[in-house]
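These notes concern the structure reproduced below.
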Amino acid sequence: MSLFLLSDAPIPAPLRPWVRHRHGVRLSKASIPSQLETWFNEPDATHCWLVDGSTPEQWHACVQTLRDAGWLEELPWALWLPDPDTRVNNESKAWEQGAVEVFDAGQGAALAHCMESLLQRLRSPHGQTAQLRLRHAEQMAWRASLDNIPAPIFVKNAAGAYTMVNQAFVDFLGLPRERIIGKTVHDVAPPELARIYEEADRSLLATGTRQIYDTRVRWADGSLRDVTFYKAVFHDATGAPMGQAGAIFDVTDNKRMERSLRTLAETDALTGLLNRRSFIEQAEHRLLEARATQDPVTVMLFDLDCFKQINDQQGHAVGDAVLRHISQLIGQQLRAGDLLARIGGDEFAIMLSGAQDGQVVAQRLPRVAASSPLGDEFGGVRCTISLGAAVIQPAQHSLDELLALADRALYQAKKQGRNVGLLHDHR
């Protein structure tokens, strides 16, 4: 077993039997002395750092440098106090920093016994050094496992500083790991997002439980992604919150699939308009809103005149083109808030939103359809529509009754020779 005294002073006589080397404590994070690298890489690795406690500032800086270099993850360290009178001021701080022992020159003959006892503990296969190595190996295994997980994972302390992140989190932020560890969201995120993240963290720590929520975040490559956050608080032995651990799951593809399936479920595949089921659902909702405001409601039904003849004579490809053409044409005549749906083969439905002159719209739409034949690539097919509309006070009729009234008006429009629009006012 070797003890390495980190000091630029002569090795104290009581420590000479155990201290193998000495070296200056003027260690910097940017430049680590090569001799320390050599000690650390020796095969037996049964070492213990012995830090010179001549001045508090000196040994604090030395320990911090060793910690930043990662050398305290495997190797224990002890503090040597040349002046016994400084023990009161330094001992408690040394324990807080993780020292395995504190020696001072005033221990006299007891120093040898204390040193032997420490070395026995460190040499033991079940002692502190062995436990340190075991924990370090486990930590390295966990890090390797976490770095192999594609989801960004992070750990923060109670102050909101990152204490651990995996490689996916580094890639997510696009920052080096050393610019993340020890930093807060205010150091790694735009101010407007950092405030949101901090508020969520405070809420989580206050409840001491878990958070699961969906949001959108911007990846380091600039892409906006749909994600789900899973976060939980961990506690110390007294139950006080020590921090939080979380994971970010990219659900962009799932959300895209959900939107695609929703679109398929709610729209007509040929025209892109609402389908019958979706029209009924949205129209029912608007009818309820209209009852609350007592605004009149207008619904229109129209179909294509002689559409079967077009299909039979021109073929279904031309028939499909006519349906798409009429859908686009009528949609251009309506406002963004109006509902337009294909509810059957060549049957369409409209619900006007808010106060609008239904009579004007009912007369205009057939004229627009008649004056806009299909493109030359389909032979310039001309197709007209017949339209029936009904306007009601919502408190007096259900949606089924309103559709039935519009259908009755459509029937009369066809009896009048088609290519017309009729509106019946039932208010």
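The values are calculated or read from the model by the stated rules, or taken from the named source; none is laboratory data. Worth saying up front: this structure is predicted, and the values here are computed from it rather than measured. A quick note on method: Cβ atoms are made from the backbone with ideal geometry, for glycine too, and the neighbour counts reach across all protein chains shown. Heads up: the accessible areas ignore ligands, DNA and RNA and are worked out on the full protein's heavy atoms, side chains in. Shrake-Rupley method; radii C 1.70, N 1.55, O 1.52, S 1.80 Å.
Key figures
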item	result
Number of positions in segment 220-251 that are at pLDDT below 85 and either open to solvent by less than 20 Å² (accessible area, probe 1.4 Å) or within 17 Å of residue 166 (Cβ to Cβ) (or both)	1
Of all residues making up segment 220-234, the number that are farther than 18 Å from residue 154 by Cβ and either part of a strand (DSSP E or B) or of a type in the set (Lys, Arg) (or both)	2
Residue within segment 274-287 that is at pLDDT below 90, open to solvent by 30 Å² or more (accessible area, probe 1.4 Å) and out of contact with any strand residue (DSSP E or B) (no Cβ under 8 Å at 6 or more places or on another chain) present	no
Residue selected from segment 328-352 under the condition charged (D, E, K, R) and either closer than 18 Å to residue 363 by Cα or in contact (Cβ under 8 Å) with a residue 60 or more places away in the chain (or both), by the criterion most open to solvent (accessible area, probe 1.4 Å)	335
Residue list for segment 104-125, filter: open to solvent by less than 40 Å² (accessible area, probe 1.4 Å) and touching a helix residue (DSSP H, G or I) at 6+ places or on another chain (Cβ under 6 Å)	104, 111, 122
Any pair with Cβ under 9 angstrom, 6 or more apart, that starts in segment 46-64 at a residue that is on the phi < 0 side of the Ramachandran plot and part of a loop (DSSP other than H, G, I, E, B) and ends at one that is among the polar types (S, T, N, Q) and at pLDDT below 90	46/2; 46/129; 54/7
Exclusive hit being out of contact with any Asp or Glu (no Cβ under 8 Å at 6 or more places or on another chain), more than 14 Å from residue 15 (Cα to Cα), at pLDDT below 85 and open to solvent by less than 20 Å² (accessible area, probe 1.4 Å), set 77, 71	71
Helices (runs of 4 or more DSSP H) contained entirely in segment 131-219, each with at least 1 residues that are touching a strand residue (DSSP E or B) at 6+ places or on another chain (Cβ under 8 Å) and among the acidic types (Asp, Glu)	191-207
